[in-house]
1. In 10 Å bins starting at 0, how do the alpha-carbon pair distances of the range 22-63 split up by percent?
2. How do V35, V19 stack up against each other in accessible area, from largest to smallest, with a 1.4 angstrom probe?
3. Under the Karplus relation 6.51 cos²θ - 1.76 cosθ + 1.60, θ = phi - 60°, what is the ordered set of whole-Hz ³J(HN,Hα) values for the range 46-55, x standing for Gly and Pro?
4. Simple spin-label model, 7 Å along Cα-to-Cβ: V49 to V23 in nm?
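The values are calculated or read from the model by the stated rules, or taken from the named source; none is laboratory data. This one's a predicted model, so the numbers in the text were calculated from it and none came from an experiment. Here the Cβ positions follow ideal geometry from the backbone for every residue, glycine too, while neighbour counts run over all protein chains shown. In case anyone asks, the SASA skips ligands and DNA or RNA and just uses the protein heavy atoms, side chains included. Shrake-Rupley method; radii C 1.70, N 1.55, O 1.52, S 1.80 Å.
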Amino acid sequence: MAGSWTRRPHVLTLVAALVLLLVGIGLLIAPWDGVVGAIAWVLIIGAGVLGALALFFARTPRS
């Protein structure tokens with residue numbers, strides 16, 4: 001089982017990006033104000049960047 005995760009790290013990265021996105025959205029709709037909103041946006045943007053990088057490196061040919 002562990003070998004399949006190391007051969008396809010982009011899948012694990014996409015799962016991590018999804019978790020970051022969901023946590024960011026959860027913090028964004030939380031009733032807390034102030035720094036929590038900024039942290040939520042940082043997590044959402046980070047999830048987008050992480051997902052884009054994972055998809056880019058999944059499509060890059062190995063040499």
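1. 30, 35, 20, 12, 3
2. Working: V35 105, V19 80 Å².
Order by accessible area, largest first: V35, V19.
3. Per-residue couplings from phi come out as x, 5, x, 5, 5, x, 5, 5, 5, 5 Hz.
4. Going from the V49 label point to the V23 one covers 1.6 nm.
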